1. Between beta-carbons, use under 12 Å as the cut-off and find the net charge around A:GLY103, counting Lys and Arg +1, Asp and Glu -1.
2. Taking only Cα atoms and a 10 Å spring cutoff, compute GNM fluctuations for chain A and point out the largest among A:GLY97, A:GLY41, A:GLY16.
3. Please report the relative contact order for chain B, taking Cα pairs under 8 Å with a sequence separation of at least 6, and give it as a percent rounded to a whole number.
4. Hey, rough spin-label estimate for B:THR82 and A:GLN81, points 7 angstrom out along Cα→Cβ, what's it come to in nanometres?
5. Where is the GNM fluctuation largest for chain A (alpha-carbon springs, 10 angstrom cutoff): A:ASN31, A:ASN67, A:ASN53?
6. Tell me the net charge near B:SER5. Cut-off is 12 Å between Cβ atoms, B:SER5 excluded, with +1 for each Lys or Arg and -1 for each Asp or Glu.
7. Answer with one residue from B:PHE104, A:SER12, B:PHE34: the one whose Cα lies farthest towards the positive end of the charge dipole of the protein assembly as shown, charges on Cβ with Lys, Arg +1 and Asp, Glu -1.
8. If we count every other residue with Cβ under 15 angstrom of B:PRO40's Cβ, Lys/Arg +1 and Asp/Glu -1, where does the sum land?
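Where a number appears in this text, it was derived from the coordinates with a stated rule and is not lab data. Bear in mind the structure is a predicted one, so any value in this text is a computation, not a measurement. Note: ideal-geometry Cβ built from the backbone for every residue, glycine included; neighbour counts use all protein chains shown.
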Amino acid sequence: GENVEQHPSTLSVQEGDSAVIKCTYSDSASNYFPWYKQELGKRPQLIIDIRSNVGEKKDQRIAVTLNKTAKHFSLHITETQPEDSAVYFCAATDQAGTALIFGKGTTLSVSS
Amino acid sequence: GAVVSQHPSRVICKSGTSVKIECRSLDFQATTMFWYRQFPKQSLMLMATSNEGSKATYEQGVEKDKFLINHASLTLSTLTVTSAHPEDSSFYICGTWTPNEKLFFGSGTQLSVL
């Protein structure tokens, strides 16, 4: 089945710096790659997603890139702010193309 | 706003009792609901996929007799943790695809078994 690897597990940056989180997936049939932000005790919230027919997508300070050949995708956050501090999860669709399989998460800490 | 309503948000129960968690889709019909479990500081692990009108599909290692799933209507899926034990204490969260093809999660249920 699908396996999603995520790195790094923790990331500390200074306010204003950029943050990059990387994920790889195993199933070449996966076609949807979302990123979620989760604050303690709350539901994961979708922040950006990309489908396999595009290589990059940007929404203000957040961007996602996808390399289908290499089976990896990355989240880029520019001009980080303290409120960006949270756990970020990448995901990919499973073999059936219905459920999402998640990476292990990255705890991002932005210090002011 | 929320498109999936999950209740209760928190439950504390004694070992051996059963707990029911409900997830409702708001304003649209959810033929499929996914149930995940999340232990502290860990990722979301898919437990099962519930389909309206048919049996749920469980992931490997998840006991179907312990985690009963019912999806009797197009807007309601329930997860019942039967004979709960302390090791079942976890954050349980449901999710479903919205009409605009995004996976949206309920607010989660923190289960503590004493």
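1. Counting the neighbours of A:GLY103, the net charge comes to 0.
2. In the Gaussian network model the winner is A:GLY41.
3. Values: 284 pairs, mean separation 42.2, N = 114.
In percent, rounded to a whole number, it is 37.
4. 4.9
5. Between A:ASN31, A:ASN67, A:ASN53, it is A:ASN53 that shows the largest mean-square fluctuation.
6. 0
7. After comparing all options, I get B:PHE34.
8. Details: positive: A:LYS42, A:LYS104, B:ARG10, B:ARG37, B:LYS41; negative: A:GLU39, B:GLU87, B:ASP88.
Charge balance near B:PRO40 sits at +2.
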